[in-house]
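The values are calculated or read from the model by the stated rules, or taken from the named source; none is laboratory data. Note that the structure is a prediction, hence the values are computed from the model and not measured. Here the Cβ positions follow ideal geometry from the backbone for every residue, glycine too, while neighbour counts run over all protein chains shown. These accessible areas exclude ligands, DNA and RNA; they are computed on the full protein's heavy atoms, side chains included. Shrake-Rupley method; radii C 1.70, N 1.55, O 1.52, S 1.80 Å.
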Amino acid sequence: ANFHIDEADMTGYSHWTFPDTNAEDEEPSYMMALRLNRKKGKDALEKPVAASLSVPMNPYSPDQAGVKELLLQPNTSLAPIFTQAKTLKDPPKKPKRPTTSFGHFSTEIRSNLPREMKGKQFGVINTYIAEQWRALSDEGKVPYIEKYEESKAAYTEAMKTYELELAN
């Protein structure tokens, strides 16, 4: 790199030594020699990187480097194959369990709550609905049990399709 510098101008310095070596016998490293001869402040000269290189620096050109053919776009349609990401299918969502007969009853009762129950706390309303369910006769529960059977049949069909989708 800087072979034009006279060695007589360099100051000998060793940044580490062994106990039995003589500091005058060792030569400093290239970087340490530059550091010792470096001027600071206003006396320092700016040295561009290109001037300090041993080989002249030319701007990059694909033609001169011989890689222009590599930079050309391929004429075939193979490029999208490499860029396509393999996406895994999301697993199907498991169907919700069927609504119980009490669930059907409570949704119907909630829509027709008496005025004195509106605005009350959730637990108070649930207690009221549970008392209404217990007070209902077996004949009164039949429509809600039928709704449960319908939702149960729909759930079993949905589970069959879900298991088939999981198998595929």
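Identify all residues within the range 98-120 that are in contact with a Ser or Thr (Cβ under 9 Å, 6 or more places away or on another chain), surrounded by fewer than 16 Cβ atoms within 10 Å (Cβ to Cβ) and part of a loop (DSSP other than H, G, I, E, B); write none if there are none.
Residue satisfying the conditions is 100 alone.
Hey, any hits in the range 39-54 for a residue that's surrounded by 10 or more Cβ atoms within 10 Å (Cβ to Cβ) and modelled with pLDDT of 75 or more?
no
Going through the range 155-168 one residue at a time, which ones are open to solvent by 60 Å² or more (accessible area, probe 1.4 Å) and either in contact (Cβ under 8 Å) with a residue 12 or more places away in the chain or over 19 Å from residue 93 (Cβ atoms) (or both)?
Selection gives 165, 166.
Test residue 69 against the criterion of being acidic (Asp, Glu), modelled with pLDDT under 75, outside any helix (DSSP H, G or I) and more than 30 Å from residue 150 (Cβ to Cβ), and give yes or no.
No.
If residue 79 satisfies every condition in (1) under 37 Å from the mean Cα position of the chain (by Cα); (2) at pLDDT 75 or above; (3) open to solvent by less than 80 Å² (accessible area, probe 1.4 Å); (4) more than 30 Å from residue 162 (Cβ to Cβ) but one, which is the exception?
Here residue 79 clears every test but (2).
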